[in-house]
Amino acid sequence: MRKTCSVLATVLLGIGVLVVGFTCLSWLPTAHAQGPITLDKVLNRSSNVVRVGELLSFTISLENSSLFTLTHVTLVDEYDQEVLRFAWANPAHDLIDPGTGVITWTNVATPPIPLGQSLFFTVYFTAEHPRETVVNAARAQDIVDSNGSVSVTAETSRTQESIGGAAPVFKSLHPPDAMAVQGLPLTFTHVITNDGAAVMTVLPLTDTYDSSFLEFSYAVPTPTTVLTGTLAWSDLTTYFGDLDPFESIVVTTVFTATTQVVGTVNEASTEGALDVYDNDLTAGAAQVPITIIEGSPTATPTSTAQPTSTPAPTQTPTRRANTPVPAQPTATPVPATATATSTPVAVLMPETGYEWNAWGIVTALFGMLVILGGIVLTRAVSSRQA
C-alpha cells in the first residue's frame, strides 16, 4: 500500500509540473501576424465600359487595421498613358510622370494613421483612345509603423474597357412615302450622328447611286466632288462645325428619276470619320432601295436643272471650339466611405505582443493543485514509514 501511494504521489507531481510548465510557456511573448493593411481601388461607375472622351474617376482606399500607428506610406497609382490622360487628383498628388503613367503621393501618413483609420484618394482621367482591356493599378510601399517595422508592398488593380465612337448614318426618302416617278425629282435625307463622348472633328460622307436611272440635281451642303454615280463630301465639319457628343446633322440630296426601273439602290457611307483624339470612328452605312415607275402620260415633268445659286440650307451651320478636356470642377470633399467591389489586397507586417488567456490561468491553477496533492500524499507516506 505504501508503495502504491508513493508511485501515485510521484505521478501527481509529474503531471502537475508538466501542466504548469506548458502553461508558462504559453505565456511567453510570441509573434502574431498584424491585422491587414487594406488597399482597394474602385471605378466610380456601375459599368466598367468607358467611352472615349468621357471623364472617369477611381477611388483608392487605404485602411490601417494593424496594432500600430502608420508613420510612413508611399502611395503610387499607375495608369495606361496610351489610353488615359490624367486630369487631377483629390487630395493632390506630389509627383507625376505622364510619360510612364505614374502618380505618386510620397507620404500619405502625415499626420500618422492610427488603428482603424482609412484614407481616400480620388483620381480623375479622360479616356482618349479605345482599348478592350485597360488596367489601372495602385500600390502602397515603404510602409513604416511606430514600432519601426517595414512591410512589403500592397497592390491592387482595376480593369475596364475603353470603347471608341461611331458615325452612324440613317438615309431615307423624303417624305418617307414618296414614290420615284420617272421625270420627277427624288429627295433623300442623310441623318449622321456623333455616337461617342468625344468631339467629332472630321466627317466625310460618300453617296453612291446608279447613274443609269438617277441624275444628280443638287445637294445641301454642296458636295466636294461630283462624279458620275458618286457624290463625296471630304469633311462636313467645315460646313456644320465640329459635332459635339451625340449631336446629329442632316444632308439633303436631290435627283431626277430618268428611266423606269424595277429596283435600284442608293447608298451612303461615313468611312474615315475622326474624333478630337484622332481615333478612327466606326463608319456607318445605309442603303435605300427604290423602284422607279413610269410617269403618268398627263404629268408635266418638273425641271431638275442645276440652279444658278446654292439653295438655302436646311439648317444654319455653326462652328464650335474644340473642348476635348472637361474643365476641372471645384474640388469636392473626399467621401467618408468607399464601396469596394472586389476582395481587398492585404499586407501583413510582423508584430510582437502578449496575449493573456483565461483558460491558461485555470490550467495553471489545476496544475498547481495537482502538485500540492502530490506533495501532501508524499508527506503522508513518509510519516507512516517513520
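Couple of notes before you dig in:
- Residues being of a type outside the set (S, T, Y), surrounded by 15 or more Cβ atoms within 10 Å (Cβ to Cβ) and assigned to a strand (DSSP E or B) - total across the range 233-269: 12
One line per residue, one yes/no per condition, for (1) under 13 Å from the mean Cα position of the chain (by Cα); (2) farther than 30 Å from M200 by Cβ; (3) polar (S, T, N, Q):
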residue: D40; (1), (2), (3): no, yes, no
residue: S66; (1), (2), (3): no, yes, yes
residue: A127; (1), (2), (3): yes, no, no
residue: S149; (1), (2), (3): no, yes, yes
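- Test: residue in the range 33-49 that is buried (at least 21 other Cβ atoms within 10 Å of the Cβ), modelled with pLDDT of 90 or more, in the same structural domain as E128 (by TED's automatic domain parsing) and not charged (D, E, K, R): no
- Residues satisfying the stated conditions in the range 87-107, i.e. more than 18 Å from F58 (Cα to Cα) and of a type in the set (S, T, Y): T100, T106
- Listing of strands (runs of 3 or more DSSP E) fully contained in the range 117-216 that carry 3 or more residues being over 19 Å from T291 (Cα atoms) and among the hydroxyl-bearing types (S, T, Y): 118-127, 154-163
- Flag set for F86, criterion: assigned to a strand (DSSP E or B) and either small (G, A, S) or within 24 Å of the chain's Cα centre (by Cα) (or both).
- Test set (1) of a type in the set (A, V, I, L, M); (2) surrounded by 15 or more Cβ atoms within 10 Å (Cβ to Cβ); (3) part of a strand (DSSP E or B) - A109 fails condition number: (3)
- When restricted to residues that are surrounded by fewer than 18 Cβ atoms within 10 Å (Cβ to Cβ) and closer than 21 Å to N44 by Cα, the range 87-104 contains 7.
- Applying the set (1) in a strand (DSSP E or B); (2) in contact (Cβ under 8 Å) with a residue 12 or more places away in the chain to L67 leaves exactly one unmet item: (1).
- Looking across the range 71-83, the residues that are in contact (Cβ under 8 Å) with a residue 24 or more places away in the chain and either of a type outside the set (V, I, T) or assigned to a loop (DSSP other than H, G, I, E, B) (or both) come down to H72, L75, D77, E78, Y79, D80, E82, V83.
- Options A219, A178, A137, A154: the member that is surrounded by 15 or more Cβ atoms within 10 Å (Cβ to Cβ), over 24 Å from A283 (Cβ atoms) and free of Cβ contacts under 8 Å to residues at least 60 places away in the same chain: A178
The values are calculated or read from the model by the stated rules, or taken from the named source; none is laboratory data. If you're wondering where the values come from, they're calculated on a predicted model, not measured in any experiment. Neighbour counts run over all protein chains shown; Cβ positions are idealised from the backbone, glycine included.
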